[in-house]
Structures are given as C-alpha cells and as structure tokens.
Amino acid sequence: MMGVSRDGQALRLDSSLGMRCRSGLATTNGIALDFAATHPPHVLVFGQGSAKADVQKAGFLFGGQRVSQQKVSYLKKASSPEVLLQKLEDRGLVVSKCTKRIALDFLRGVGAYRLKGYWHHLVDASSQRFPSGSSFGQIIDRCEFDRELRAATAAAIDRLEVAIRTAIADALSLKHSPHWFLLPGIFKPTRDWGMGHLIRKIEEEVRRAEGKRFVEHYLAKYDEPYLPPSWAVAECVSFGLWSRTYSILRDVNDKKAISRRFAIDEPDVFKSWIHSLTVVRNLAAHHGQILRVKLGVAPANYKKAGIKFRDQKSFFATATVIQYLLRQTRLPNTWVEDLEAIFSKYPSVSSSELGFPATWRSEPGWS
C-alpha cells in the first residue's frame, strides 16, 4: 500500500497486518489520504522482509509522523462456501448455473481468502461491487493462470539452482580445496552472514541428510575434515545459502570465475540476480501469488548485455534473468515455450499485468 510522505515521495505501508484507515482521513501537509477507499486490503509485495520501517505497533507512520490507529477485537465469523458465493453474487459477480458447482469447489479447495487475491483489484472501493460482466469464471482463470505460472517458474529455477550451486562448488574447489567452506581466508563476512552462520547451517543440513547414501559413505570412511566435500554438501543445503555465500567471497576473481560461467562480468549484477531467484523460488515453493505482485527484490540492470528493466520489481524482470541464465547453461529447458503456452491458454489474463511488454520475445536477454 502506498501513501504520500511530507517530501512528496511514495511511502509504503505494509497492509499485510490487515490494517486499514477506517476512522477518518490521515493527512500530511493538508493532503487527505483515505486508504480504505482507495486501496485494497491485500498486500501485493513479496520479499521485503519486516515492515518495521513503515509500520509500528500503534499505527502507521507518515514521513516520520505516527498516525494513531485504535485496535479493536476481531469479530468476523466464518462463512460457508455457499454463503460466501451468495455474497459475491449479491455484489454483482456473475455465477452461471454451469459455473456454480466448480465455483463452490474452488471456494472449498482454494479458499475465498486466497481467491480474493485474484478479484480484489476489480472491486469498486466505495461500493464493494464488481464491474458489470465480471464472472467467477474469470477469477478461476486468473487463479489457474497463476498456479501454472508458479509451477513453470519453479521448474525453470530448479534447473538454475543446480547449475549455480555446481558452478560455485566447482570453481572454489578447483582453486582452493574441496572443503573451501572451512577456509576463513576466502570470505569477507558481514554482520548478516559470516563463517559461523555458514558452518552452522551446513552442519545442520548434513546432519539431517545423514540417512542419504553419499553422506553415510563419507562419514563411515573419513574422519577429517568432519564434513563432506562441497559437491556433496551442495546436495544438502538450500539455494539461499549459496546466494549468501557468494556475496561474502573476499576475492573478486573468485566471484568472477563463477559469474562468467553465466556470461556476466559484473559480480554485483550476478549477486543481485541469484538473490532475486532465491526470493522468487521461495515464493513459488510456498504457493505465493505472482500475478499482479510487486516483488520485494529488484535484479540489477546488466547494461553490457543491453538489459535495462523498466520495472525492476516486476515479474518480467525476474523472468528475463531466468531466460538469460538458462541460455548460458546450454541445458534443455522449456521456459519460453511454457510462458507462451500459459499466455495462450488464458487470453483473458494480460501478460502486461506481470510487466511483460508486447515485444517481450525480442527484448534484450530473451533472444
């Protein structure tokens, strides 16, 4: 949710807490801000982390000024799918006889709260009514579009996750040691991620994987080092660990040895790209909505390849990153074909809602 700060800049308000300004208008420099009338209750931001900078316990912050919001008890009662569907019809949503059964199936199997993410932008903020002609079938299409896009995205990043962690393990093992992650000298830790975090996480994940044959084999045969080599560790730990570990490598040449495998000469660009992939991977893995979502991460422009995003937080930006990196692996993938098939299958959903321009196939990074 966006507001207006005293200096005229946009101010993000994280409404994931379910807060809306219902009791009057907040003002800043005489500008009335009626968020309940102009903004939906759903937050469409992912990956931002804590909202502490924008929202405090007692209310919203406007340019450093707190606008008090009195808390109340939650008194809403649950409704059956049948009651919820009738409420939607009463608000102008068309539910034909042939659609009613599947509409109830979706309300039972997906849930009205989740489905609301696909209809809230259509509803008039003041009347809470749907535009004329809006149908439950359109909502189903949007939900299914998002589900299929999420599956295609997860499959594409799965290919990249394996390729990136292999590149990191191989490059550092060849230069330093198969147990490079035990060498403090190759890292430049930060407060957020250092050797302690890295080793503790590897230890935890290797312990969880002790039932796997390759871990059992190493622990049964070797007593030093006490952890398996990095190519075995790579099969245990998360993509996020590799992204964070890349970011604290001390030697820029180590970073370049890895990023150049993906035709990127600028380590900072590669770092931002793989971080974006970890966020979107987690979004897809945890059933998060992609359609009409502003991602909380922004992959950096890579001007050397002509890649300059119009909106770095759009899904199109991350989709471009996926395509560019997949091409460098030279491994089989169906990313472009999957996107085209989804866009074709659901013509009522515009790819522009994901930030895709009409000429996306010929944009830098795609061809």
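The values are calculated or read from the model by the stated rules, or taken from the named source; none is laboratory data. Treat the numbers as computed from the prediction; the structure is a model and nothing was measured. Cβ coordinates were reconstructed from backbone atoms using ideal geometry, including for glycine residues, and neighbour counts include every protein chain displayed. All accessible areas refer to the heavy atoms of the entire protein, side chains included, with ligands and DNA or RNA removed. Shrake-Rupley method; radii C 1.70, N 1.55, O 1.52, S 1.80 Å.
Across region 269-279, a minimum of one residue is classified as touching a Ser or Thr at 6+ places or on another chain (Cβ under 8 Å), closer than 16 Å to Leu160 by Cα, open to solvent by 30 Å² or more (accessible area, probe 1.4 Å) and of a type outside the set (Val, Ile, Thr). Restricted to region 86-132, and to residues there that are basic (Lys, Arg), at pLDDT 95 or above and in a helix (DSSP H, G or I), the residue that is most open to solvent (accessible area, probe 1.4 Å) is Arg101. With respect to Arg207, is the statement that it is over 21 Å from Thr329 (Cα atoms) and open to solvent by 20 Å² or more (accessible area, probe 1.4 Å) true? So Arg207 passes the test.
What tally of residues in region 322-367 results from selecting those that are aromatic (Phe, Trp, Tyr), free of Cβ contacts under 8 Å to residues at least 24 places away in the same chain and within 15 Å of Ile307 (Cβ to Cβ)? Residues in region 322-367 being aromatic (Phe, Trp, Tyr), free of Cβ contacts under 8 Å to residues at least 24 places away in the same chain and within 15 Å of Ile307 (Cβ to Cβ): 0 in total. Among the residues of this structure, Val162 counts as one that is closer than 20 Å to Ile322 by Cα, assigned to a helix (DSSP H, G or I) and at pLDDT 95 or above. All conditions in (1) crowded, with 19+ Cβ neighbours inside 10 Å; (2) at pLDDT below 95 hold for Pro299, with the sole exception of (2). The set of residues in region 174-212 that are among the aliphatic types (A, V, I, L, M) and either under 18 Å from Phe239 (Cα atoms) or assigned to a helix (DSSP H, G or I) (or both) comprises Leu174, Leu182, Ile186, Met195, Leu198, Ile199, Ile202, Val206, Ala209. Is it the case that region 310-333 has a residue that's open to solvent by less than 60 Å² (accessible area, probe 1.4 Å) and in a loop (DSSP other than H, G, I, E, B)? Yes, region 310-333 contains a residue that is open to solvent by less than 60 Å² (accessible area, probe 1.4 Å) and in a loop (DSSP other than H, G, I, E, B). The sole residue among Ser238, Ser173, Ser135, Ser230 that is closer than 30 Å to Pro81 by Cβ, surrounded by 13 or more Cβ atoms within 10 Å (Cβ to Cβ) and of a type in the set (Ser, Thr, Tyr) is Ser135. All conditions in (1) surrounded by fewer than 17 Cβ atoms within 10 Å (Cβ to Cβ); (2) among the acidic types (Asp, Glu); (3) out of contact with any helix residue (DSSP H, G or I) (no Cβ under 8 Å at 6 or more places or on another chain) hold for Asp141, with the sole exception of (1).
The set of residues in region 241-264 being open to solvent by less than 50 Å² (accessible area, probe 1.4 Å) and either farther than 22 Å from Pro178 by Cβ or part of a loop (DSSP other than H, G, I, E, B) (or both) consists of Ile248, Phe262, Ala263, Ile264. If I filter region 286-295 for residues that are open to solvent by less than 10 Å² (accessible area, probe 1.4 Å), within 30 Å of Ile139 (Cβ to Cβ), out of contact with any Asp or Glu (no Cβ under 8 Å at 6 or more places or on another chain) and part of a helix (DSSP H, G or I), do I get at least one hit? There is no residue in region 286-295 that is open to solvent by less than 10 Å² (accessible area, probe 1.4 Å), within 30 Å of Ile139 (Cβ to Cβ), out of contact with any Asp or Glu (no Cβ under 8 Å at 6 or more places or on another chain) and part of a helix (DSSP H, G or I). One residue is enough: does region 229-242 have a residue meeting the conditions free of Cβ contacts under 8 Å to residues at least 12 places away in the same chain and either over 23 Å from Phe270 (Cα atoms) or in contact with a helix residue (DSSP H, G or I) (Cβ under 7 Å, 6 or more places away or on another chain) (or both)? No. Specify the residue that is nearest to Tyr218 (Cα to Cα); the eligible residues are those in region 167-198 that are in contact (Cβ under 8 Å) with a residue 24 or more places away in the chain and polar (S, T, N, Q). That would be Ser173.
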